[in-house]
Amino acid sequence: MIKKVLLSLTIASSSVFAHTAIMSCFDNGDGSITCEGGFSDGSSASGVKFRIEQNGKTIFESKMSEDSEVTFKKPAGKYSAVFDAGEGHAVHIKGSDITE
Amino acid sequence: MIKQSGILLAGKKTVLSTVTAISIMSTSAFAHFQMLYTPNTALKKGQTIELKHLFTHPFADEHTMDMAGVEEFYVINKEKKTDLKSTLKTITFKGNHNSGKAYESTYKARKMGDHVFILQPVPYYEANEDAYIQQITKMVVNVAGTPTDWDAELGLKAEIVPLTKPYAIWEHGSFTGIVKSNGKVVPYAEIEVEYLNRDVNMKSNSMEKTKVEAPQDAFVTMTIKANKDGEFTFSIPKAGFWGFCALGVGSDKEYKGKELSQDAVIWVEAKSMK
């Protein structure tokens, strides 16, 4: 029984490890930003948590759409877009790195 | 004695005709390649990219052909096809020996994943062979590393379906593809392989200096064959762009009453490990 559990844990963790969370954001040029999430194996990010952080606080929370996208109003000042696919799988992109 | 010199003379004739045949062959030995070029096929994030569309000899660059026009130019991302023909602008591209009619375009590669570009030019009349050449050309740009469409089989009349991501190859890695025509494999297809032997100057629409000298003509256009399942693998010896052209595998065999070689081209890019 222990062996079986160990085996399934190993399999589960190796498959998680193989999938890197990826996000890409761009400025739509109309005051809004679109962020798109995904995984290195091509699987969908639909329903994965997304948030905007500013001064250490969460100012916007959402989930990735069916198309693995989130569009939000561009915050004033410094901010970070966070694609949160679970522990060890969060991707942070600085607002200053998001261009048209 | 007389008989012997007669034989000798015949022998000389044979030598001469062989020399003539070789010189004729060598002019057409360097392969024509439709290029669908952008300087970086593995983008870290979404951005607007510039593309150049020219018909040349990528290794030797001894002649830039005038493109006869474009029948189709489109891109596929996440199974969605977008027509890009209206984005093409005519340019004159300057090779090391002459200039030719070519095209340029820009594309907003914003969405993550693979952007599979297909260019189907109007058949080009090759006077040396009194025949037409049409190279249906594929090139894949990836944004941010998520794989989406790179391995899609598009059912083209002439197509190389990659089994290796064409944008994610290390120098000294390899590329594997399957030669197909209308979705069916082409066994033992003849494939020409060439290295893009110069950087493309995107601003002045010209070729830069030659990088590599070939030790012999067989290294300029390397000819390989697919196996019985239409599959081939080529080890990539140097970082940069490599073109693969499966000759005459397309289903169209005639254009304007003349022979047509409908070829499948794919471009891959290898990155150096530095």
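The values are calculated or read from the model by the stated rules, or taken from the named source; none is laboratory data. Keep in mind it's a predicted model, so treat the numbers as computed, not measured. Note that each Cβ is placed from the backbone with ideal geometry, even for glycine, and that neighbours are counted across all protein chains shown.
The table that follows gives values for the structure above.
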item: Test result for B:THR92, surrounded by 17 or more Cβ atoms within 10 Å (Cβ to Cβ) and closer than 30 Å to B:ALA214 by Cα; result: no
item: Residue check for A:GLU69: touching a His at 6+ places or on another chain (Cβ under 9 Å) and at pLDDT 85 or above; result: no
item: Elements of type strands (runs of 3 or more DSSP E) contained in segment B:80-196, each with 1 or more residues being closer than 24 Å to B:HIS57 by Cα, more than 14 Å from chain A (Cβ to nearest Cβ) and in contact (Cβ under 8 Å) with a residue 12 or more places away in the chain; result: B:89-94, B:99-109, B:113-121, B:124-126, B:131-143, B:159-162, B:174-181, B:190-195
item: Search result, residues across segment A:46-68 that are surrounded by 18 or more Cβ atoms within 10 Å (Cβ to Cβ) and facing another protein chain (nearest Cβ under 9 Å); result: A:SER68
item: Segment A:24-43, residues that are at the interface with chain B (Cβ under 10 Å from one of its Cβ atoms), more than 17 Å from A:PHE60 (Cβ to Cβ) and part of a loop (DSSP other than H, G, I, E, B); result: A:SER40, A:ASP41, A:GLY42, A:SER43
